[in-house]
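Colleague: The structure follows.
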Amino acid sequence: MVDVAELVARAREGRPRAVARLISLVEGASPQLREVMAALAPLTGGAYVVGLTGSPGVGKSTTTSALVTAYRRTGKRVGVLAVDPSSPFSGGALLGDRVRMSEHASDDGVYIRSMATRGHLGGLAWAAPQAVRVLDAAGCDVVLVETVGVGQSEVEIAAQADTSVVLLAPGMGDGIQAAKAGILEIGDVYVVNKADRDGADATARELNHMLGLGEARGPGDWRPPIVKTVAARAEGVDEVVEALEKHRAWMEERGVLAERRLRRAAGEVETIAVTALRSRIADLADLHGDRRLDALAARIVAGELDPYGAADELVAGVTST
């Protein structure tokens, strides 16, 4: 068993191994997970959580690394949660993002962690919200959450970050994608990376046009800015940080930041509760040798019962047990 209090104290001192151990307890769904979360709860709420998402190849990792450099110049401690695809062999993260950010490896003010999706959809790992809490409690001023390369419908990051950054790049079909629902509707800040390539201005113009056709905005409402960058050369990165800080100030002024964090906490509670209920149902199914579930399935096949009615009966049986 781990001494959670001591581990949390060491993490607060900025010791990387302690932070790593806490996140490992989260990822592994340790029996001490509840104790860990209870110890961290009073220490959270200080970090600004920024989500970065976009299609594969737009330069998310390069942009994240450049943002780390920019924030470190201002003296801020930065945590990075880089969600990588799962290895088909080990189930672990492929660690590509951590390799690209190796320049920060020796900086005590930066903590970088790769997490595997392990089949979880939405561009994030299932343990990402709790891992963000660990980094927050460990004293990070800014937590950058980089999603795995996502498509239009994988927009979970919008519910997990204070500010969502959507990256695009010219020549990748993103101009056409701007007309479609999904990932290009969740951004608080849009970044056209690799702006030294042909077509960058056209991509920015099309994106600006599509934002103008979106939902009506009243006076004082936030209009997502479009920033052009060449992250590999750190060009435009300061402008991205400026846009992020303006969005944070706007949210704080209008109470939007508190509202987003409230919704995020409610979502975490709901997810944990649903997971616990699903686990309870699975345990009971094992206890009864799957006979209850098989009997319901047989009634569905025979046309005696519909799936919703069967689910109601199963839940009723579980809650009365």
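Colleague: So which residues in segment 2-17 are surrounded by fewer than 17 Cβ atoms within 10 Å (Cβ to Cβ) and of a type outside the set (G, A, S), if there are any at all?
Modeller: V2, D3, E6, R12, E13, R15, P16, R17
Colleague: Among the numbered conditions (1) touching a helix residue (DSSP H, G or I) at 6+ places or on another chain (Cβ under 9 Å); (2) surrounded by fewer than 11 Cβ atoms within 10 Å (Cβ to Cβ); (3) among the polar types (S, T, N, Q), tell me where T271 comes up short.
Modeller: Among (1) touching a helix residue (DSSP H, G or I) at 6+ places or on another chain (Cβ under 9 Å); (2) surrounded by fewer than 11 Cβ atoms within 10 Å (Cβ to Cβ); (3) among the polar types (S, T, N, Q), T271 violates only (2).
Colleague: If only one of V256, V237 is among the aliphatic types (A, V, I, L, M), out of contact with any strand residue (DSSP E or B) (no Cβ under 8 Å at 6 or more places or on another chain) and in contact (Cβ under 8 Å) with a residue 60 or more places away in the chain, which one is it?
Modeller: V237
Colleague: While we're on this one: If K76 passes every condition in (1) open to solvent by 50 Å² or more (accessible area, probe 1.4 Å); (2) at pLDDT below 90; (3) assigned to a loop (DSSP other than H, G, I, E, B); (4) under 26 Å from K228 (Cβ atoms) but one, which one does it miss?
Modeller: Of (1) open to solvent by 50 Å² or more (accessible area, probe 1.4 Å); (2) at pLDDT below 90; (3) assigned to a loop (DSSP other than H, G, I, E, B); (4) under 26 Å from K228 (Cβ atoms), only one is false for K76: (2).
Colleague: Now a separate question. State all residues of segment 228-251 that are at positive phi and surrounded by fewer than 18 Cβ atoms within 10 Å (Cβ to Cβ); if no residue qualifies, say none.
Modeller: Of everything in segment 228-251, just one residue is at positive phi and surrounded by fewer than 18 Cβ atoms within 10 Å (Cβ to Cβ), namely A234.
Colleague: Could you please let me know if S61 is surrounded by 14 or more Cβ atoms within 10 Å (Cβ to Cβ), in a loop (DSSP other than H, G, I, E, B) and among the small types (G, A, S)?
Modeller: In short, no.
Colleague: Any idea which of A20, A29, A47 is at pLDDT 90 or above, small (G, A, S) and surrounded by fewer than 18 Cβ atoms within 10 Å (Cβ to Cβ)?
Modeller: Residue meeting the stated conditions: A20.
Colleague: Follow-up. Being under 27 Å from the mean Cα position of the chain (by Cα) and free of Cβ contacts under 8 Å to residues at least 24 places away in the same chain is the filter; apply it to segment 185-211 and report the residue that is least open to solvent (accessible area, probe 1.4 Å).
Modeller: L211
Colleague: Filter segment 26-84 down to the residues that are of a type in the set (D, E, K, R) and either more than 13 Å from V148 (Cα to Cα) or in contact with a Cys (Cβ under 8 Å, 6 or more places away or on another chain) (or both) and list them by number.
Modeller: Residues satisfying the conditions are E27, R34, E35, R72, R73, K76, R77.
Colleague: Find all pairs meeting these conditions: Cβ atoms under 8 angstrom apart; at least six residues apart or on different chains; first residue within segment 100-124 and more than 19 Å from V19 (Cα to Cα) and modelled with pLDDT of 70 or more; second residue small (G, A, S) and open to solvent by less than 80 Å² (accessible area, probe 1.4 Å).
Modeller: Pairs that qualify, where the first residue is more than 19 Å from V19 (Cα to Cα) and modelled with pLDDT of 70 or more and the partner is small (G, A, S) and open to solvent by less than 80 Å² (accessible area, probe 1.4 Å), are E103/S65.
Colleague: Just one of (1) closer than 26 Å to R264 by Cβ; (2) open to solvent by less than 40 Å² (accessible area, probe 1.4 Å); (3) modelled with pLDDT under 90 trips up G175, so point out which.
Modeller: Among (1) closer than 26 Å to R264 by Cβ; (2) open to solvent by less than 40 Å² (accessible area, probe 1.4 Å); (3) modelled with pLDDT under 90, the lone unmet condition for G175 is (1).
Colleague: Ok, one more. At least 1 residues that are modelled with pLDDT of 85 or more and under 24 Å from the mean Cα position of the chain (by Cα) in each: list the helices (runs of 4 or more DSSP H) lying fully within segment 254-321 that qualify.
Modeller: Ranges flagged: 256-287.
The values are calculated or read from the model by the stated rules, or taken from the named source; none is laboratory data. Fair warning: this is a prediction, and the values are worked out from it, not measured in the lab. With ideal geometry, Cβ positions are generated from the backbone for all residues, glycine too; neighbour counts draw on all protein chains shown. To get the accessible areas, we keep the full protein, side chains included, count just its heavy atoms, and leave off ligands, DNA and RNA. Shrake-Rupley method; radii C 1.70, N 1.55, O 1.52, S 1.80 Å.
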